[in-house]
Amino acid sequence: MTSETSTNGRKVAVVTGASSGIGAATAKQFAAEGFRVVLGARREDKLEAVAEEIRAAGGEATVYKVDVTSDDDVAALAKAEPRVDVLVNNAGGAWGMESVEGAVEEKWRWMYDVNVLGTLRVTRALLPALKTTSGIVLTVGSIAGRQVYTGGAGYNAAKHAERALVEVLRQEVAVDGVRVTEIDPGRVHTDFSLVRFDGDETKAAAVYDGVESLTADDVADIIVFAATRPNRVNIDFLQVTPIDQVGGAKPKK
Ligand code: 8X3
């Protein structure tokens with residue numbers, strides 16, 4: 001992170017899935033650290049609300065509609081933002097908890113597209129800019145990408161694949177001075193479960209009921225910490241869970 005050519009001399013952090021949860025919290029924290037933040041997500045009204053909060057606090061934020069499954073959206077983002085110091089690949093998610101025997105291919109395809117190909121699309125498009133700044137790519141994986149659990153096969157497969165992508169990328173771009181870090185959270189209280197259970201609020205609430213989960217800010221803290229180390233410090237990955245989830249990826253039902 002050497003060049004000083006961004007708008008107002010600020011370094012630029014691009015965050016996908018920035019309209020809520022870990023993405024929104026991460027964007028706010030980067031802005032508080034003095035970065036100009038570039039927020040991408042599908043829901044523009046929600047994105048704009050996050051950006052307004054950042055601006056009200058004295059930060060600088062730019063918003064783009066970015067569905068990471070759309071090549072056009074990603075290309076437009078890359079064209080409009082020639083300087084990138086930090087990329088946070090946060091867009092992703094789980095859909096369903098069917099057994100392997102009951103697997104729904106549509107859900108598996110969506111999970112692969114968002115978690116794996118989405119991370120590929122955005123990273124590939126922004127790599128030229130990241131090489132120019134000796135930047136850093138941080139990808140929000142999951143403990144589900146390191147361990148498996150019953151009912152998790154589609155999500156486990158996608159998150160394991162995303163981790164493989166990230167590990168290969170690290171080896172390929174180290175020579176360019178680009179660092180690649182994976183942040184692997186366990187249970188974080190966000191809309192994650194609402195999405196997984198098709199908007200079923202009772203099922204989603206049960207995941208977090210009676211246990212203390214991580215907050216989106218807990219994870220954002222770690223992302224910003226990893227991104228703001230000196231360039232000589234490479235962090236391969238950080239796994240973070242609530243205390244009751246130590247040693248096992250199994251989500252609470
Ligand atoms: C989600 C982690 O523990 O809910 O990425 O499967 S967990």
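The values are calculated or read from the model by the stated rules, or taken from the named source; none is laboratory data. From a predicted model like this one, the values you see are computed outputs, not experimental measurements. Note that each Cβ is placed from the backbone with ideal geometry, even for glycine, and that neighbours are counted across all protein chains shown. To get the accessible areas, we keep the full protein, side chains included, count just its heavy atoms, and leave off ligands, DNA and RNA. Shrake-Rupley method; radii C 1.70, N 1.55, O 1.52, S 1.80 Å.
What the table shows:
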| read-out | value |
| --- | --- |
| Segment GLN171-THR69, extension gain: residue separation times 0.36 nm, minus the distance between their alpha carbons | 34.2 nm |
| Estimated distance in nm for a label pair at ALA206 and ARG55, the labels positioned 7 Å out from Cα along Cα-to-Cβ | 4.3 nm |
| With Cα atoms, 0 to 90° folded angle of helix 44-56 axis to the chain main axis | 50 degrees |
| Accessible area of the range 112-253 belonging to carbon and sulfur atoms, whole % at 1.4 Å probe | 55 percent |
| Projected area averaged over orientations for the range 84-151, convex hull of C-alpha atoms, nm² | 4.9 nm² |
| Listed residues GLY118, GLY58, GLY141, most fluctuating in the chain (Gaussian network, C-alpha, under 10 Å) | GLY58 |
| Distance (nanometres) between label positions extended 7 Å along Cα→Cβ at GLU44 and ALA164 | 3.7 nm |
| LYS65, LYS79, LYS11, ranked by accessible area, largest first (probe 1.4 Å) | LYS79, LYS65, LYS11 |
| Percent of alpha-carbon pairs separated by more than 21 Å within the range 73-202 | 43 percent |
| Flagged links, alpha-carbon separation over 28 Å, of LYS107/LYS203; LYS65/LYS159; LYS11/LYS107; LYS11/LYS65; LYS28/LYS65 | LYS11/LYS107 |
| Residue with peak Gaussian network fluctuation, the chain [Cα springs, cutoff 10 Å], from ASN89, ASN231, ASN156 | ASN231 |
| Percent carbon-and-sulfur accessible area, the range 11-68, ignoring ligands, DNA and RNA, probe 1.4 Å | 47 percent |
| Stretchable slack from GLU106 to ALA32, in nm (0.36 nm times residue separation minus alpha-carbon distance) | 22.7 nm |
| Viscosity 0.890 mPa s, temperature 25 °C, Stokes-Einstein D of the range 123-174 from Kirkwood C-alpha radius, µm²/s | 201 µm²/s |
| Heavy-atom surface of the chain, accessible at 1.4 Å and reported per residue (Å²) | 45 Å² |
| Reciprocal of mean inverse Cα separation for the range 181-253 (Kirkwood radius, Å) | 13.5 Å |
| Rg over Rh [alpha-carbon atoms, Kirkwood Rh] for the chain | 0.95 |
| Reduced Cα scattering model of the range 73-120, Debye log10 I(q)/I(0), q = 0.25, 0.31 Å⁻¹ | -0.96, -1.16 |
| Inter-label distance, nm, simple model (7 Å from Cα along the C-beta direction), VAL246/SER99 | 3.3 nm |
| DSSP-defined beta bridges in the chain - what % are antiparallel, rounded to 5 | 0 percent |
| P(r) of the range 8-148 over all Cα-Cα pairs, binned every 10 Å from zero, in whole percent | 12, 42, 31, 12, 3, 0 |
